Every structure is written in C-alpha cells, then in structure tokens.
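The values are calculated or read from the model by the stated rules, or taken from the named source; none is laboratory data. This structure is a prediction, so every number in the text was calculated from the model and none was measured. All Cβ positions, glycine included, derive from the backbone under ideal geometry; neighbour counts span all protein chains shown. The protein model used for the area step is the full one, side chains on, heavy atoms only, and it has no ligands, DNA or RNA in it. Shrake-Rupley method; radii C 1.70, N 1.55, O 1.52, S 1.80 Å.
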Amino acid sequence: MEMVHFIPSSQRRLALLAAQADSAPVLIYGATGTGKGAIARWIHSNGPRAARIFLVATQEKPLADQILEAQGGTLMIPEMGEWNFSEQKVLLGYFKTKSVIRNEDEDTSRNVSANIPANVPVIANVRIIGTTSQALEGRAQGGLFNIELLEKLNVFRIEMPALAKRTSEFDDIVMGIVGEITRELHKEHLKVVSHEAWARLKSYDWPGNLRELRNVLRIAIASSKGDQIEISDLPDFGFARIDFRATREQFEKIYILELLKTFNWEIDKTCKMSRMDKSILLSKIKHYGITVEHTD
C-alpha cells in the first residue's frame, strides 16, 4: 500500500489504520487546500470498500438520501461545521441506529434511492468520512455543533497541517505532485526542477496550500519546453494571497452572523458562548457592516 506524498509523515500510520478499519468514521481537519479530500479518497481506495462507490455529499440534497445513495461504499461529508442542526441530527441518528429515513419530498427521479419508501427507517452500510477547516470543538462549545456527533466522528482524527509547516517534506511533496502531473500530461521525461525554480518555490509561504502548489506546478509543467522545470516556467503565484484572504473574510462574516443569530443577537451572550472578546466582536461587526437586530 503506497503512502503518497500528500499524507503528512506524522499521520501516515493513522491513515493506514483508518483505511483498514472499514466502517469506523474518520474526521479530517485542515485549512482549505491542505488535501483533506485527497486523503479521504486514499482511505477509501486502500480499504475494503475500494471497489464500491465514493460519494461526496452536497448540502443541496437531504443527507439521509445521500447516505442511501452511498450504500456499501463511502460518503465524504465536506466542511462538517457548515451543516445545519437537522442534518447533524440525521447523521447522529445513523451512527446510533445504522439506519436513515428517506426524505418524502425529495425528487428521486435521478436518485438510486427512488425505490426506497419514504418515512420508513432503512438500514444502511456506509463509511462516513468528514472534513473540516473549522475547530469543531469550539463550535460545539459555542452551541454551533452537536457535541455528541463530534464524539461519534472522532474515532480516527487526521490533522492536515498547512503546507508552510511541512518544510521537511516539501521536496518530496513537490516531486510527488510533479510525478502525478507529468504522467497526466505525458511528460514523464520532466523529472528535474532547476535550482532557481526550487529557490522560488521555497521562498513562498503557500497560503493556498497543496491546491495552490499543484496549480502552480501544473502550469509550469505544461509550459516547460525543456527537460527540467525552469524558473521562467513558473507563473506569478503571489497574487493567490489576495484571493485567500478575501475567502477567509467572507467565511468570517458568515460565521459571525451565524453566531449572532444563534444567540438571538445578544452581544454579551454571543461573546460568552463563543469565547470571543467583546471588543473584537464589536470591531468585526463594524468591519463587516453587520446590522445587529434588536429583540424585545
């Protein structure tokens, strides 16, 4: 069983055990772009369910129906912290009873669960792998995530560090990605990175993590005309920081709005339950132009 470059050395034994465990839940933590989805697929592909379906859940469809669609295989639930309480309850119920109830109102015309009766508990055999870029423990303490569900999910907890913290593995990660892309683009002869290109790659802190690095290397490999990747082949990748920060601010605004609504727009209660300093919360409310609704 090959342990590929995107799995941190500190997490490889745990990832191997998770793959062999078959039905036990897995929760993968890490910032955006750190490779959470890639590890989820690796765990599935190297486990007993490898020949069965691997399905990525979407919030556009009822979770119960998607569990039934993944029958016998693996269901990856991305960004667990963003799923609403009713869907969290569905997943908790599945862990407790190994059954779900198909949604009566769901359009099943293109759904493999179409022949399953609605409102009747159906036994399911699905491996659940959740991913999150948020601190679920903090959200659970703040009343934003089901504590019991978090306990059920935390059987195998895999941490994906930011790429900037994987300096000792950086060379292997780069060459692993180069190997992937050269095979895909039929440029297997391209196996060397010039000293100047290495220096450029290592001088950047990669806020977009593995996803950003992979995109940069894909462009470089596609652009290369010689037998090695030159610094001239690398795109100008510093601009990615702007997009990353904008995305982070967008999430933060949504998160603060969610906190305020959850605690009925009460500033003091929101600060207490989220463990956020009042001055910081008020500053962020002002920064994002959030209008606080007043309750009677």
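Bridging of K261 to lysines at a Cα separation below 18 Å is possible for K253, K269, K272, K278, K284, K286, once same-chain residues fewer than 8 apart are set aside. Helical content of the chain, expressed as a calculated mean residue ellipticity at 222 nm, amounts to -13500 deg cm²/dmol (DSSP H runs of 4 or more residues, -39,500 (n - 2.57) each, divided by residue number, nearest 500). When peptides 34-46, 134-146 are sorted by average Cβ neighbour count within 10 Å, with the highest value leading, the order is 34-46, 134-146.
Taking springs between alpha-carbon atoms closer than 10 angstrom, which of R218, R12, R275 fluctuates most in the Gaussian network model of the chain? Among R218, R12, R275, the largest GNM mean-square fluctuation belongs to R275.
Along its first, second and third principal axes, ordered by size, the chain spans 66, 51, 36 Å in Cα coordinates. Solvent exposure of the chain amounts to 53 Å² per residue of accessible area, where only protein heavy atoms count and the probe is 1.4 Å. Once the chain from E79 to E188 is taken as fully extended at 0.36 nm per residue, the excess over their C-alpha distance is 35.7 nm.
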